[in-house]
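Here, each number is a calculation from the coordinates, and none is a lab measurement. Everything numeric here is computed off the predicted structure, so don't read it as measured data. Here the Cβ is made from the backbone with ideal geometry for all residues, glycine too, and neighbour counts use every protein chain on show.
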Amino acid sequence: MAGETQHIGVAKRWHGRRILLALLGIALLPVVIAWTLYLTGWHAERTGNYGELVTPARPLTDLAFEAADGAPRSLARLRGKWTLLYIGPAACPAPCRDTLYKLQQVVLAQGKEADRIQRIFVAQDVVARVDFAKTISAYAGMEGWTGQSRAIEALRAELAMPGEPAGRVYLIDPLGNLVLGYPAGFDAGGMRKDLARLLRVSRVG
């Protein structure tokens, strides 16, 4: 009887130790995994903006322009909303029209947040206002601006980024700072995600 009791006691102790070892193993598992990943050089893939980030954000000078109907406009008017700005030929050939269409779709995709974004098309050359207004009217919500050549060149200089400037789209924050740039032929899905992220975390605009 005593031997049987002793055997049961030993079995219980071993059972208790196995449970303790199992719990210890579970507790140490994250440490072991983390150490293994560190030694093998593995790291999670980082995510970021699709557009090219401007660091630090670049404030823009208050240059003067005119709307397609002749009303005065200036860069100060951009403040208060997120702005997608595009500089292109007034005649707006196929690549230009494709850009304006994609900008329209990107903004519409923001749903109830779409009102926080404005789109500006700055004509880089002289154009008859009637023709320019007709081009702009095909893209609901798009504003068309024209200006003196010196204002256009000054704007280009302030928006300067590495790479080819032709066809580039610029994102300006509600405080009037250039924050992101997108190349010609940009992926609308990438831009849409950038904007959705910014609108979600931004307390301005």
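Loop only per DSSP, at most 12 neighbouring Cβ atoms within 10 Å: give me the trypsin sites (Lys or Arg not before Pro) in segment 138-205, ordered by residue number.
Loop-located and lightly packed - Arg203.
The amide H of Trp145, built 1.01 Å from its N in the peptide plane, has Phe121, Val122, Ala123 as neighbours under 5 Å, considering only residues 5 or more places off or on other chains. Spin-label model, Ala133 to Leu53: label points 7 Å out along the Cα-to-beta-carbon direction sit 4.3 nm apart.
Simple rule: put +1 on each Lys or Arg Cβ and -1 on each Asp or Glu Cβ in segment 52-201, find the dipole, and look at Tyr182, Phe132, Gln118; the Cα lying farthest toward the positive end is Gln118. With the biggest extent put first, the Cα atoms of segment 87-205 measure 40, 30, 24 Å across the principal axes. Note on Ala91 and Ala71: the model spin-label points, each 7 Å out from Cα along the C-beta direction, lie 3.0 nm apart. Summarising the label geometry, the points placed 7 Å from Cα in the beta-carbon direction at Gln148 and Asp187 lie 4.3 nm from one another. Can you list the aspartates and glutamates whose alpha carbon is less than 19 Å from that of Lys112, not counting same-chain residues fewer than 8 positions off? Candidates past the 8-residue exclusion: Asp173, Asp194.
Summing charges over neighbours of Ala67, with a neighbour being any other residue whose Cβ is under 11 Å away from its Cβ, gives 0 when K and R count +1 and D and E count -1.
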